[in-house]
Amino acid sequence: HPSVLAMGEPLLEFNAAAEGTLESSTAFHIGFGGDTSNMAIAARRSGVSSGYLTRVGDDAFGQALAELWRREGIDTTHVVTEPGGATGIYFITRHGDGKHAFTYRRAGSPASRLTPDDVPLPAVAAARLLHISGITQAISPSACDAAFHAMETARAHSTLVSYDPNHRPALWPTARARAIVMRSAELADIVLPNLDEGRLLTGVCEPADVLAEFAARGPAIVALKMGADGVLLGAEGRTTHVPAHRVVPTDATGAGDTFDGAFAARLLDGDSPLEAARYAVIAAALTTTGHGAVGPIPTADAVRRAGAA
Ligand code: KDG
């Protein structure tokens, strides 16, 4: 069984080659996304064994994802392929202000049909860390049930629960997200929000206050991701600011997921939360220097080289 098990929805990615609106774009890079799949790949590239739990279709998009995981050495024992299923896709467009926008075609996807019956007790119990996100919960009520079932199973077997709210307003209303994310924080050992969603979900503004709202739910570790302002880490009774690693960013898609995977990998390898966060901010920064979510996720060697430079 892999050490890291992530569960959620993978997507094939169409990333506009130039800045601009969707309708003005003429060329797209094909890539891969899906926050929890990105996390599993980031963890693997940082050196731990990792597996993915999802449902895909047997269409060309599902086959391309299966090929990606095979290349990356991701365990797919718990990937169910649905005959006739339409695997989800998304388009990334980028705008002058450095922000990106996602446009999805994923409703009714195989992953949205995840249910608690898809959650394998032996694999969750044997994993050292289970990773779930708000997107896993937002895609459908049955996937949300599956996420809660997986987190509760993990807790019952001393598997660490890592949770990223990854709030996507296009997928569910903020009031529902708030209730489900804050309940999930109670089940998690590690909570990994970014500052924007943290503010929206907690209703407070100062980073230290946002962190405190999540920490009050009981997780041992909260890492508040603040982009170019680095990470505010709450762990072992202390709050520590970890500065960002300076790069010239091209596309921030997947940076938060890469942080999550790199952080998990280093923690499982014995790093302290602070050491793991210092490593993971470098990994996250490097992923912003290339296009798309998965392509630019660095290996452990690349992170070490950048850290030493
Ligand atoms: O974090 C990056 C992801 O958001 C991206 O890969 C697409 O999973 C995705 C989503 O649902 O937004």
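Structure values in brief
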| item | result |
| --- | --- |
| Relative contact order (%) - segment 36-188, alpha-carbon pairs under 8 angstrom, separation at least six | 18 percent |
| Neighbour cut-off at most 12 other Cβ (10 Å), DSSP loop, trypsin sites (Lys or Arg not before Pro), segment 185-259 | 246 |
| Estimated distance in nm for a label pair at residue 301 and residue 248, the labels positioned 7 Å out from Cα along Cα-to-Cβ | 2.5 nm |
| Rounded, prolate or oblate (a/c below 1.5 giving rounded, otherwise prolate when a/b exceeds b/c) for segment 84-166 by Cα gyration tensor | oblate |
| Separation of the residue 60 and residue 145 label points, Cα + 7 Å toward Cβ, nm | 3.5 nm |
| For residue 161, distant residues with modelled amide H under 5 Å away | 130, 189, 190 |
| Segment 218-309: relative contact order as a whole-number percent, Cα under 8 Å and 6+ apart | 26 percent |
| Phi-based couplings in Hz for segment 291-301 (Karplus 6.51, -1.76, 1.60; Gly and Pro marked x) | 7, x, 7, 9, x, x, 4, x, 7, 4, 4 |
| Sorted peptide list for 50-56, 86-92, 203-209, criterion being average Cβ within 10 angstrom, highest first | 50-56, 86-92, 203-209 |
| Helical mean residue ellipticity (222 nm; -39500 (n - 2.57) per DSSP H run of 4+; nearest 500) of the chain | -11500 deg cm²/dmol |
| Simple label model, 7 Å out from Cα along Cβ direction - residue 117 to residue 152, nm | 1.8 nm |
| Mean accessible surface per residue for the chain, computed with a 1.4 Å probe while every protein chain stays in place, in Å² | 40 Å² |
| The chain - percent of accessible surface contributed by carbon and sulfur, probe 1.4 Å | 53 percent |
| Segment 30-59 residues near the modelled residue 67 label - backbone nitrogen below 12 Å, point 7 Å along Cα→Cβ | 31 |
| Accessible heavy-atom area order of 226, 39, highest first, probe of 1.4 Å | 226, 39 |
| Ranked by how many other beta carbons lie within 10 Å on average, peptides 187-197, 118-128 from highest | 187-197, 118-128 |
| Relative contact order computed over the chain (Cα-Cα under 8 Å; 6+ residues apart), in percent | 18 percent |
| Within segment 203-276, GluC sites (Glu not before Pro) in DSSP loop having at most 14 other beta-carbon neighbours inside 10 Å | 236 |
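The values are calculated or read from the model by the stated rules, or taken from the named source; none is laboratory data. Given the structure is predicted, the values throughout are model-derived calculations rather than measurements. Neighbour counts are summed over all protein chains in view; Cβ atoms, including those assigned to glycine, are modelled from backbone coordinates with ideal geometry. Each accessible area value is taken on the protein alone, full model and side chains, heavy atoms only, with ligands, DNA and RNA left out. Shrake-Rupley method; radii C 1.70, N 1.55, O 1.52, S 1.80 Å.
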